[in-house]
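Novice: The structure follows.
Each reported figure results from applying straightforward, stated rules to the coordinates on display, with no laboratory input. All figures in this text were calculated on a predicted structure; none of them were measured in a lab. Here the Cβ is made from the backbone with ideal geometry for all residues, glycine too, and neighbour counts use every protein chain on show.
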Amino acid sequence: MLPTPLDTKTRKLLSALEEKAVSLGFAGLRVTAADSIPDAGKQLRAFLENGYHGTMGWMKETEDRRGSPRALWPEARSVLMLAMNYGPDDAPENHPLAHLDDPGTAGISVYARHRDYHDVIKGRLKELASFLVSRAGGDVKVFVDTAPVMEKPLAQAAGLGWQGKHTNLVSRELGSWFFLGSIFTTLQLPQTDPEHDHCGTCRACLDSCPTHAFPAPYQLDARRCISYLTIEHHGPIPHEFRKAMGNRIYGCDDCLAACPWNKFAQAASEAKLIARDDLTNPELASLLDLDDVSFRKLFSGSPIKRIGRNRFLRNVLIAAGNSGLAHLQAKVEALLDDPDPTVRGAAVWAYRQLALDDEWTAKKDVALTLETDKQVRDEWQS
């Protein structure tokens, strides 16, 4: 990994950084220059001009800073890119797509089945950054994907992996299941070699997408992506995607799971990133009972908490409607009177999928005399 030739002092520093990173739970450390991704801004501009960012307005608002690390922090000279593995183990129930075999369960993306990775990784990055400053001086800033940093192009430039046709980072050592973090520094550090594309003619990730969210290889239209729809999108889920969502209620791992490079993936070793049993294929029936208090309690410390109970219930209701399970009908019916219109609207759709025609007609006739929210009325009339 380390570039050669290096003077003894620099080699010792980089070796010590690697050793410290491993001790902190990181699976990989690479270094690139702060100006190593000159084309990233153009790629971002094309993404935004196509409207592929959907309602994620913050991407447009931070475009200038996001397009170049030096625009974000002019004093930065080097960027340390780090990977932390969160892969599932080999148990059948922990397979990323196991939920698809049981419509009564809910699919939660592997990355969200444990503690919020931001909390875990940021603390470790700060510790590694302090270690760097203590050994070599300079100023540092640490980032974990909430900042306007194009981590995937930087990680490819540093050699951690390459952006596959699904636009996610792929590693020959880690597969697809790893988080990225970065340390910007004013120090001029030697760069590691960039990684090259190893996708070849493979289309597995593109062909696996339930909603056809890839207009072309290496392009993602977030507006069609189930991860975007279940996490970032506010309001009702567009009708055209509801059936395709199946029982995916938070994120979607289909394109990641399809990648053949995952044969090299490793199970997470960091205890805080090992999947919680109660978030691995949970029963839809129990999730439909969540009020705000129980939602916050269940997802305390989880990234799922940030979307709130109402958006979460919207997703669970879509899954319930797709389940075809009669025993969920009563729980769905109870949510037809939920205070939140987004929940009510999703409940209407789910009830229509599960109820008999005469039950639906009777409910509809009453609801249209009482419902005041236009979007919910539209659901009854659609």
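Novice: Taking R0 as 45 Å, what FRET efficiency do you get between residue 370 and residue 62 from their Cβ-Cβ distance, rounded to the nearest 0.05?
Specialist: Computed FRET efficiency for residue 370 and residue 62: 0.55.
Novice: Quick one: Cα centre-to-centre distance for the stretch 86-155 and the stretch 314-382, in angstrom?
Specialist: 36 Å
Novice: Over the chain, calculate the relative contact order: mean separation of alpha carbon pairs under 8 Å at least 6 apart, over the residue count, as a percent.
Specialist: It comes to 20 percent, rounded to a whole number.
Novice: Against the longest alpha carbon principal axis of the chain, how many degrees, from 0 to 90 and to the nearest 10, is the axis of helix 8-23 turned?
Specialist: Around 30 degrees separate the two axes.
Novice: Let me ask something else. Using modelled backbone amide H atoms (1.01 Å from N, in-plane), which distant-in-sequence or interchain residues come within less than 5 Å of residue 173's amide H?
Specialist: When sequence neighbours closer than 5 places are left aside, there are no close amide H contacts.
Novice: Sticking with this structure for a sec: Mind scanning 122/272; 126/297; 20/122 and naming the pairs with a C-alpha gap bigger than 18 Å?
Specialist: In this structure, 126/297 exceed 18 Å between Cα atoms.
Novice: May I ask what percent, to the nearest 5, of DSSP beta bridges between residues of the chain are antiparallel?
Specialist: Taking every DSSP beta bridge with both residues in the chain, the antiparallel ones total about 90 percent.
Novice: Within the set of other residues whose C-beta is less than 13 Å from the C-beta of residue 201, count the net charge using Lys and Arg as +1 and Asp and Glu as -1.
Specialist: That sum, taken over residues with Cβ under 13 Å, equals 0.
Novice: Just from its helices, what would the mean residue ellipticity at 222 nm be for the chain, if runs of 4 or more DSSP H residues each count -39500 (n - 2.57) and the sum is divided by every residue, rounded to the nearest 500 deg cm²/dmol?
Specialist: -11500 deg cm²/dmol
Novice: Also, quick follow-up: For residue 105, which sequence-distant residues (separation of 5 or more, or a different chain) have an amide H within less than 5 Å of its own amide H, given hydrogens modelled in the peptide plane?
Specialist: 284
Novice: What is the magnitude of the charge dipole of the stretch 283-382 about its Cα centre, with +1 placed on the Cβ of each Lys and Arg, -1 on the Cβ of each Asp and Glu, and no other charges, expressed in debye to the nearest 20?
Specialist: Computed charge dipole of the stretch 283-382: roughly 580 debye.
Novice: Report, to two decimal places, the Cα Rg of the stretch 283-382 normalised by 2.2 N^0.38 Å (N = number of residues).
Specialist: Dividing the Cα Rg of the stretch 283-382 by 2.2 N^0.38 Å gives 1.07.
Novice: Of 348, 52, 212, which is farthest along the charge dipole of the chain in the positive direction, counting Lys and Arg as +1 and Asp and Glu as -1 at C-beta?
Specialist: 52
Novice: Which value, in debye to the nearest 20, describes the size of the charge dipole of the chain about its Cα centre when Lys and Arg Cβ atoms bear +1, Asp and Glu Cβ atoms bear -1, and nothing else is charged?
Specialist: It works out to roughly 1200 debye.
Novice: Which loop-located GluC sites (Glu not before Pro) does the stretch 212-310 contain, where loop means any DSSP state but H, G, I, E or B and the Cβ has at most 10 other Cβ atoms within 10 Å?
Specialist: The qualifying sites: there are none.
Novice: Between 0 and 90 degrees, rounded to the nearest ten: what's the tilt of helix 308-323 against the longest Cα principal axis of the chain?
Specialist: Between helix and principal axis, roughly 60 degrees.
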